[in-house]
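The values are calculated or read from the model by the stated rules, or taken from the named source; none is laboratory data. In this text the structure is predicted, and so the values were computed from the model without any measurement. Cβ placement follows ideal geometry from the backbone for every residue including glycine, while neighbour counts extend to all protein chains displayed.
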Amino acid sequence: MYMKKEEKKETKTYSTEDWMYLGGSVVLSFILGMLTFAFFKKKKSLKADDLLKSIKKEFLKEGPIDGSWIELSKVPWKKFAYETDVYYGGISRYEESKLVQYEFIVDAYTGSLIDLYRV
C-alpha cells in the first residue's frame, strides 16, 4: 500500500507593509466610490425639445396642432415649498374654427407637466 507523506502547509504571514497597502486600497476605493456617486447623483435636466414632443403627443390625441414652442433655457420656479427649474412653452390649435392658445410649465428634471392653461 501507499503511504501518505505528511504535508505541512505553510501559512503565509503578512507584514505590516502589506496590511498598510490593503488598508490604503480600501480607503481609496471608498473615496472614489463616493466621488462617483456624487457625480452621478447631480440633477440632470431633460432636453426641452423632447419635453415639447411629449406634450405635443398628448395634445394630438384630441386633435391637430397648428403650432408649438418652448423656451430652451431653464427658469427657476417656486411654489410654496417646491423649488425646481422649469421650461415654459405653448401650443396653439383650432377649436370650433377659432385659434386657441395654451401655455404650459414643465419640470426640467422630471418632465412633469406642472401647469397648463388656456390663454
* To do: Please indicate, with yes or no, whether at least one residue in the range 18-37 is of a type in the set (A, V, I, L, M, F, W, C), within 30 Å of Val75 (Cβ to Cβ) and outside the structural domain of Val106 (by TED's automatic domain parsing).
  => yes
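Inside the range 1-117, counting only strands (runs of 3 or more DSSP E) that do not spill past its ends, which hold 1 or more residues that are in contact with a strand residue (DSSP E or B) (Cβ under 7 Å, 6 or more places away or on another chain) and of a type in the set (Asp, Glu)? Spell out the reasoning first.
Numbers: elements: 67-70, 75-79, 82-95, 98-107.
So the answer is 82-95, 98-107.
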* Asked: Within the range 101-112, how many residues turn out to be modelled with pLDDT of 95 or more and surrounded by fewer than 15 Cβ atoms within 10 Å (Cβ to Cβ)?
  -> 1
